[in-house]
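Notes follow once the structure below has been shown.
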Amino acid sequence: MSTADTPAGRIAGTSRRSTDPGPLGRHLAVTVAFALAMVGTAVGVGAFGGSPIDEAAGGLLAADATHLAPATPAFRIWSVIYLGLGAYTLWQWWDRRDERRVAGLAIASLLLNAAWILVVQAGAIALSVLVILVLLGVLGALFRRLAARPPSGRLERLVVDGTFGLYLGWVSVATCANIAAALRAAGFGGFGAPEALGVAVLAVVAVVGVALTRAGRRPVAAPAAIVWGVLWIAVGRATDAPPSSAVAIAGVVVAVVIVLATVLALLRPPRRRGADLSGRARPSRDGAR
């Protein structure tokens, strides 16, 4: 007799069914959240008569606003991210169990993205920092869940891991630009050395990017999005205001470091089952005795 046929197994199964949301409700919630995110995106590009994001909030998020603002072509990555989010929205209709427990965090990320756009459109740049930090935290939690359990196949790896990896990587870079814009709005001058501060922030981004290459199951999408973002910061500082050769060089160096770390991560042997997210194998109970 299997464990599921025992009274304890039946009770456990009933408990799981009572706490898990129904698949139809989950599917609908993700779909509605995606639709709202798309409406927010339309607002963000001025489709309903408002100002595009780079012109909203007094132009504080424009490509020439701060030393950490990426050049305009960098934002084309949103097309890829939204395409991936749309693919995830369709794919999850066939995912009845959500075994990796990411749907709730995906919904939160979609709604926070729409909220961020509306907040920026309202000119509340300081509040937008809070929203994007929460969004970054949600995506970080989602990334950890994906890293903790392998995808069921290549399609899930592409649609789920790939999409939310890109999303996390890009939002990591966007958070830096958003904070820089808010500080400029508050009159902060970078302690009189904005270029040095920009280089220091990019150094932190390098640490985050390298850490992502070592987390989970050798992810590529998140580091790739960070590389994309910092390279366009480098292009912006080399070709647009405010000009800064130091920040431009730092952006290129950070991109090279993250690419090398990603290649090395792909070349290392797959992590043994039971290893934690820090890369250390958990000792077995027998070995600890």
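The values are calculated or read from the model by the stated rules, or taken from the named source; none is laboratory data. Being a predicted model, the structure only gives us computed values, none of them experimental. Please note: Cβ atoms are built from the backbone with ideal geometry, for glycine as well, and neighbour counts cover all protein chains shown. Calculation scope for accessible area: heavy atoms of the full protein, side chains included, ligands and nucleic acids excluded. Shrake-Rupley method; radii C 1.70, N 1.55, O 1.52, S 1.80 Å.
Determine whether LEU111 is surrounded by 17 or more Cβ atoms within 10 Å (Cβ to Cβ), closer than 19 Å to ARG26 by Cα and within 19 Å of the chain's Cα centre (by Cα).
It is true that LEU111 is surrounded by 17 or more Cβ atoms within 10 Å (Cβ to Cβ), closer than 19 Å to ARG26 by Cα and within 19 Å of the chain's Cα centre (by Cα).
Within this structure, PRO223 passes the test of being out of contact with any Phe, Trp or Tyr (no Cβ under 7 Å at 6 or more places or on another chain) and within 25 Å of ARG100 (Cβ to Cβ). Residues of segment 68-80 include none that is assigned to a loop (DSSP other than H, G, I, E, B) and farther than 30 Å from VAL254 by Cα. Residue check: is ARG217 open to solvent by less than 60 Å² (accessible area, probe 1.4 Å) and of a type in the set (D, E, K, R)? Criteria not met by ARG217.
Considering the conditions (1) small (Gly, Ala, Ser); (2) farther than 17 Å from ALA221 by Cβ; (3) in a helix (DSSP H, G or I), SER152 is excluded by exactly one of them, (3).
The residue list VAL138, VAL129 contains one member that is closer than 29 Å to ARG214 by Cβ, among the β-branched types (Val, Ile, Thr) and free of Cβ contacts under 8 Å to residues at least 40 places away in the same chain, which is VAL138.
Conditions tested, residue by residue: (1) within 17 Å of GLY140 (Cβ to Cβ); (2) assigned to a helix (DSSP H, G or I).
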site: GLY162; (1), (2): yes, yes
site: CYS176; (1), (2): yes, yes
site: LEU183; (1), (2): no, yes
site: GLY187; (1), (2): no, no
site: LEU202; (1), (2): no, yes
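For the condition in a loop (DSSP other than H, G, I, E, B), touching an Asp or Glu at 6+ places or on another chain (Cβ under 8 Å) and open to solvent by 40 Å² or more (accessible area, probe 1.4 Å), ASP64 qualifies.
From the list VAL43, VAL30, the one residue that fits, being modelled with pLDDT of 90 or more, within 30 Å of PRO73 (Cα to Cα), under 25 Å from the mean Cα position of the chain (by Cα) and in a helix (DSSP H, G or I), is VAL30.
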